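The values are calculated or read from the model by the stated rules, or taken from the named source; none is laboratory data. Predicted model only: the values in this text are computed from it and were never measured. Using ideal geometry, Cβ is built from the backbone for each residue, glycine included, and neighbour counts are taken over all protein chains shown. Just the protein is used for accessible areas: all its heavy atoms, side chains included, with ligands, DNA and RNA removed. Shrake-Rupley method; radii C 1.70, N 1.55, O 1.52, S 1.80 Å.
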Amino acid sequence: MTSPTPSANGSPLAAAPPADELPVMAEPYVLPPPTGPQALMTELGFGAPFRWLAAGGRDLRAHPGIGLFYGACFWLMALTLGAVFRAKPEYTLTIASGCLLVGPFLAMGLYEVSRRRELGLVPELSVSLTCWDSHIRSMGMLILVLIVLELLWGRASLVVFAVFFNTGMPSTTGVINAIFNAENLEFIGVYLTVGGMFAALVFSTAVVSIPMILDRDTDAVSAAITSIRVVFSNPGVMLLWGVLITLLITVALLPWGLGLVVIGPLLGHATWHAYRGAVRWQEADEPASVTAQD
């Protein structure tokens, strides 16, 4: 047994503890390697959005009855939203939230038609109407996020109006006159900038997230992150895709939104092909590679 070693002033020092009793330093946490298929972003060319539209057109022509059913639903939603905007603009955001709640479920039905055609299965309207039931939790979370973004968008628009105008809740005529009045260039610039930022955020979050939930039964967060990755991986191509969607919907709304009967399902089918073209799944034992599409 060792005796304590005396210090310089004569008082004994405590004996050093054995090596096996020394505290062990905690090692830094290392994330485990990912398991299962991994989403890889495909390098896209500027011709990709036009191929997606062409593929969506083929799906629509192959099953026009199903497509027209969903197109009629989109048309009725647009008519309802327009009627509320003209009569009671203060309730527009409420109705828009309702449309945002129903719209993704309708769109998923169109994705299911394209998915079944891709697998060589026969699409059925009844199956497409209920394809969301096994993905309800992920769909509900994603739609909740989109509704929150839409409400924040609406609140930001009202703040912009409050900053530039002291007229209270704007009426339909007031909104149109303010936006198309050349004397309000500063307001128009700020209004479009704020709206563009929210539109880009909503588009980035939803561009391929719902098809991914249908295809891989993934959670809403992973689907939204993958969707944002797609946009950041191909910003120019996805900007073109967003512009094409905006132009087609604008044309579809004239007159009386009748064009949505065809343009709505066309864009639904095309969105499935956008997901399939922009995201490739790498299995665990497959070497990583990213293919390019012209």
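What FRET efficiency comes out for the pair Leu151/Val221, r = Cβ-Cβ distance, R0 = 22 Å, nearest 0.05?
Details: r = 20 Å, r/R0 = 0.90.
About 0.65, to the nearest 0.05.
Per residue, how much accessible area does segment 202-257 have with a 1.4 Å probe, in Å²?
46 Å²
Of Trp272, Trp153, which has the most accessible area with a 1.4 Å probe, and how do the rest follow in descending order?
Trp153, Trp272
Sequence-distant or interchain residues sharing an amide H contact under 5 Å with Phe46, placed H: which?
For Phe46, whose amide H was placed from the backbone, there are no distant partners under 5 Å.
R0 = 41 Å: FRET efficiency of Thr250 with Glu43, Cβ-based, nearest 0.05? Kindly include the intermediate steps, with their values, before the conclusion.
Details: r = 29 Å, r/R0 = 0.72.
For R0 = 41 Å, the calculated efficiency reads 0.90.
Please arrange Leu79, Leu53 by accessible surface area, largest first, computed with a 1.4 Å probe and ligands excluded. Show your work: numbers first, answer last.
Details: Leu79 65, Leu53 35 Å².
Solvent-accessible surface, decreasing: Leu79, Leu53.
Whole-Hz Karplus ³J(HN,Hα) for segment 262-278, in order, using 6.51 cos²θ - 1.76 cosθ + 1.60 and θ = phi - 60°, x for Gly and Pro?
With coefficients 6.51, -1.76 and 1.60, one gets 9, 5, x, x, 4, 5, x, 5, 5, 5, 4, 5, 5, 4, 5, x, 8 Hz.
Leaving out ligands, DNA and RNA, what percent of the accessible area of segment 237-286 is carbon and sulfur, probe 1.4 Å? Show your work: numbers first, answer last.
Values: 1750 of 2290 Å².
Percent of accessible area from carbon and sulfur atoms in segment 237-286: 76.
Report, by chain and number, residues whose modeled amide H sits under 5 Å from the one on Gly259, excluding near sequence neighbours (fewer than 5 apart, same chain).
Leu254
Estimate the FRET efficiency between Leu79 and Ala162 by the formula 1/(1 + (r/R0)^6), using the beta-carbon distance for r and 30 Å for R0, to the nearest 0.05.
On the way: r = 30 Å, r/R0 = 1.00.
Step by step, r from the Cβ atoms, then E = 0.50.
Could you tell me the accessible area of Glu43 in Å² (1.4 Å probe, neighbours in place), rounded to the nearest ten?
110 Å²
Determine the dipole magnitude for segment 83-155: charges of +1 sit on the beta-carbon of Lys and Arg, -1 on that of Asp and Glu, nothing else is charged, the reference point is the Cα centre, and the result goes in debye to the nearest 20. List each step's numbers first, then the result.
Values: 7 positive and 6 negative charges, 30 e Å.
For this selection, approximately 140 debye.
Please report the accessible area of Ile228 (heavy atoms, 1.4 Å probe, ligands and nucleic acids excluded) in Å², nearest 10.
My reading of the accessible area for Ile228 is about 60 Å².
Summing Lys, Arg as +1 and Asp, Glu as -1, what charge do residues with Cβ under 15 Å from the Cβ of Met212 carry, Met212 excluded?
So the surrounding residues net to +1.
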